[in-house]
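The values are calculated or read from the model by the stated rules, or taken from the named source; none is laboratory data. Remember, it's a predicted structure, so these values are computed and weren't measured experimentally. When we count neighbours, we look across all protein chains shown, and the Cβ atoms used for this are built from the backbone with ideal geometry, even at glycine.
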Amino acid sequence: METNVKLKQIIEVLDQLAEDTSVPRNIRRGATDAKDRLLNQSDALDVRTASAIFILDELANDPNIPLHGRTLIWNIISQLETVG
């Protein structure tokens, strides 16, 4: 049960990042991709979280991402590591 609550919170933050117009479009698209991976019920939870972490790690290393976006992504990754 607690895992579902954490996932719901993570998805809400990914939605915020995806709608943040101060963040480049490719970062917003990546946040949406990570959210879609987490919501894909056909894969096991550990596979979904690992896929999302991989996508977010790529985004965090993008040189065009603003500092607040990078910090947000690092926070999301930390939360995902406790879920998977």
Legend entry - Candidate set from the range 66-84 (those that are of a type outside the set (A, V, I, L, M, F, W, C) and more than 17 Å from Lys6 (Cβ to Cβ)); member that is surrounded by the most Cβ atoms within 10 Å (Cβ to Cβ): Gly69
Inset, instruction - List every residue pair whose Cβ atoms lie under 7 Å apart, where the two residues are 6 or more positions apart in sequence or sit on different chains, the first residue falls within the range 65-77 and is free of Cβ contacts under 8 Å to residues at least 12 places away in the same chain, and the second residue, located anywhere, is of a type outside the set (D, E, K, R). - result: Arg70/Ala60
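Per-residue answers, yes or no, for (1) surrounded by 14 or more Cβ atoms within 10 Å (Cβ to Cβ); (2) at pLDDT 95 or above:
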residue: Glu2; (1), (2): no, no
residue: Leu7; (1), (2): yes, no
residue: Ile11; (1), (2): yes, yes
residue: Thr32; (1), (2): yes, yes
residue: Asp36; (1), (2): yes, yes
residue: Asn40; (1), (2): no, no
residue: Ala44; (1), (2): no, no
residue: Ile53; (1), (2): yes, yes
residue: Asn64; (1), (2): no, no
